[in-house]
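Asker: Attaching a single structure in structure tokens format; questions to follow.
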Amino acid sequence: MGEIEDAIERADREAFTRQPPKTLKGQIRYLLKQLGSAKAVAQEIGVTADSVNRYRRGARKHPRADVAAKIDDAVRQRWQPQVRKRRQKQAAATGGITVETRARFGYTAPIGTTDDGRFRRLTVHLPPAYAQRLFDARNAGASDQQMRGIIAEGFKDVYFQDSGGRALGLSDVAINDIDYLDLDF
């Protein structure tokens, strides 16, 4: 996953109203309930159906680290989907999305101005339209670079051009060398 995808996942996890199961047995039971069979869970996490049943019964308590990570990821992906949908719908309809980042911003500007990229630490609230475009792109399987372009366009409009109040000759903004990026919606 890319930086933008990771940031959206973190923001989704912050929305949980209850924490997902922490124990191995609890996680396996949850996955069995969601996927319906030990065979389906086994395919999801890359083990045999017998191993899934051993985890469920408690006969095997310590999966390999990579399997434990897959189990945890599978649970978190399916945990509270309605809460996630509701928050994303609200962000796309009325709330917008707040992006906090430290990255190198470069831009194309008219002659006589500097277009040298430099590191900036920015916290910018993007309007709901950008949140909707970002979620749509993510759901369509867009690359991290494409989602980065949507955020850069939002920064150009909201931060650099102040929604049409300045820097109207600015034609293109690029986000490079992301130090960190966090989203909140």
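Asker: How many lysine pairs are close in the chain, with Cα atoms under 27 Å apart and the two 8 or more places apart or on different chains?
Answerer: Step by step, the pairs that qualify in the chain add up to 18.
Asker: So how exposed is residue 159, as accessible area in Å² (1.4 Å probe, rounded to 10)?
Answerer: Ignoring ligands and nucleic acids, residue 159 comes out at about 80 Å².
Asker: When only the heavy atoms of the protein chains count and the probe is 1.4 Å, how do 18, 148, 133 rank by accessible area, highest first? Don't skip to the answer; put the middle values down first.
Answerer: Details: 18 145, 148 35, 133 90 Å².
The ranking, largest first, comes out as 18, 133, 148.
Asker: What figure, in Å² to the nearest 10, do you get for the accessible area of residue 14 with a 1.4 Å probe and non-protein molecules left out?
Answerer: Roughly 120 Å² of residue 14 is accessible to a 1.4 Å probe.
Asker: Roughly how many Å² of residue 28 are accessible to a 1.4 Å probe, to the nearest 10?
Answerer: 0
Asker: When the chain is fully extended, how far beyond the present Cα-Cα distance does residue 10 get from residue 68, taking 0.36 nm per residue of separation?
Answerer: Working: separation 58, 0.36 × 58 = 20.88 nm, distance 1.91 nm.
Difference between extended and current length: 19.0 nm.
Asker: Which listed residue (47, 15, 183) has the Cα farthest towards the positive end of the charge dipole for the chain, taking +1 on Lys and Arg C-beta and -1 on Asp and Glu C-beta about the Cα centre?
Answerer: Highest projection toward the positive end goes to 47.
Asker: Long-range amide H contacts for residue 103: which residues qualify at under 5 Å (H placed 1.01 Å from N, peptide plane, sequence gap of 5 or more or a different chain)?
Answerer: 120, 122, 179
Asker: I would also like to ask the following. Roughly speaking, what is the stretch gain from residue 34 to residue 100, that is 0.36 nm per residue apart minus the C-alpha to C-alpha distance, in nm to one decimal?
Answerer: Numbers: separation 66, 0.36 × 66 = 23.76 nm, distance 3.42 nm.
Computed gain between residue 34 and residue 100 is 20.3 nm.
Asker: What do you reckon, how do 12, 157, 172 stack up by accessible area (1.4 Å probe), largest on top? Display every interim value, and only then the final one.
Answerer: Numbers: 12 5, 157 50, 172 85 Å².
Accessible-area ranking of 12, 157, 172, largest first: 172, 157, 12.
Asker: Now a separate question. Report the FRET efficiency, 1/(1 + (r/R0)^6), for residue 18 and residue 93, where r is their Cβ-Cβ distance and R0 is 25 Å, rounded to 0.05. Numbers along the way, then the final one.
Answerer: Details: r = 25 Å, r/R0 = 0.98.
Step by step, r from the Cβ atoms, then E = 0.55.
Asker: Write down the accessible area per residue of the chain in Å², having rolled a 1.4 Å probe over the full set of protein chains.
Answerer: 56
Asker: So, one more: Determine the order of 51, 37 by accessible area, beginning with the largest, at a probe radius of 1.4 Å. Spell out each step's value before the answer.
Answerer: On the way: 51 10, 37 45 Å².
Accessible-area ranking of 51, 37, largest first: 37, 51.
The values are calculated or read from the model by the stated rules, or taken from the named source; none is laboratory data. What you see is a predicted model, and the numbers here were worked out from it, not measured in a lab. Don't worry about glycine lacking a Cβ; one is built from the backbone with ideal geometry, like all the others, and counts go over all protein chains shown. Note: areas computed on protein heavy atoms with side chains; ligands, DNA, RNA excluded. Shrake-Rupley method; radii C 1.70, N 1.55, O 1.52, S 1.80 Å.
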